[in-house]
Amino acid sequence: MKKERSSPKKAIVNRSMKVYAGRIFDFVTENLTLPNGRNADMAFIRHPGSTAVVPLLDDNTVVMELQYRHPVGKYLLEIPAGTMEPGESPFDCAKRELEEETGLKASQLIKLGKIHIIPAYSDEVIYVYIARDLTPSKQNLDQNEIIEVVNYPLEDALQMIAEGKITDALTILAIQMVWSSMNVGKHDATGSNR
């Protein structure tokens, strides 16, 4: 019989200060008493949460984006993703981002799970979805988005990950989650698990 673990202790926040309030996220510093009793100062990003969508055509071709990312100074091959607006559910955000970035609507949006992509310095939670039964709509990019929509068979996308041609961590993880769910049968194909 497996022994139950007691609830782990959490840090106690002694002081918190917002250093920067941005359009999408805030940068904060906190003085903490850690679970081991030691004091520490930490700086991190407070984020409202995001969604990521792996749009799949009927033949399991992944609809992707070649998107310019200034911090790395290049175009990256990614899946549609974006930040939740105040009061917006992850499901509604995923639908909105899919249409805005790719010009596609999905009649099936299947939740795969949620991830903490960079918990060392951000509290961001990203909800990952598969989009199926895609129909054309209208792309509506933000003024700072430079995106070209491209399609790759799922197997090719997996190979590009293995070859280091796809380097965006969220895209890598989400595509692997899709592959795993298709091969292990972990998702509800009806799309009812929002």
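The values are calculated or read from the model by the stated rules, or taken from the named source; none is laboratory data. Just so it is clear, the structure is predicted and the values come from calculations on it, not from any experiment. Reconstructed Cβ throughout: ideal geometry from the backbone, glycine too, with neighbour counts over all protein chains shown.
Points worth noting:
- Qualifying residue in the stretch 153-165 (condition: in the same structural domain as TYR68 (by TED's automatic domain parsing), touching a Gly at 6+ places or on another chain (Cβ under 8 Å) and outside any loop (DSSP other than H, G, I, E, B)): no
- Residues that are touching a Leu at 6+ places or on another chain (Cβ under 6 Å), part of a strand (DSSP E or B) and closer than 16 Å to LEU134 by Cα within the stretch 56-87 comprise VAL62, MET64, listed in sequence order.
- In the stretch 21-53, of all residues being more than 18 Å from the chain's Cα centre (by Cα) and hydroxyl-bearing (Ser, Thr, Tyr), the one that is farthest from SER122 (Cα to Cα) corresponds to THR33.
- Restricting the stretch 104-121 to residues that are closer than 14 Å to LEU56 by Cα and surrounded by fewer than 18 Cβ atoms within 10 Å (Cβ to Cβ), the residue that is farthest from the chain's Cα centre (by Cα) is SER107.
- Matching option when the condition is over 17 Å from MET84 (Cβ atoms), without any contact (Cβ under 8 Å) to a residue 60 or more places away in the chain and either in contact with a helix residue (DSSP H, G or I) (Cβ under 9 Å, 6 or more places away or on another chain) or of a type outside the set (Phe, Trp, Tyr) (or both), among GLY37, GLY22: GLY37
Residues are listed down the side, and each one gets a yes or a no for (1) within 21 Å of TRP179 (Cβ to Cβ); (2) not polar (S, T, N, Q); (3) not in a loop (DSSP other than H, G, I, E, B):
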{"residue": "LYS95", "(1), (2), (3)": "no, yes, yes"}
{"residue": "ALA106", "(1), (2), (3)": "yes, yes, yes"}
{"residue": "LEU134", "(1), (2), (3)": "yes, yes, yes"}
{"residue": "LEU141", "(1), (2), (3)": "no, yes, no"}
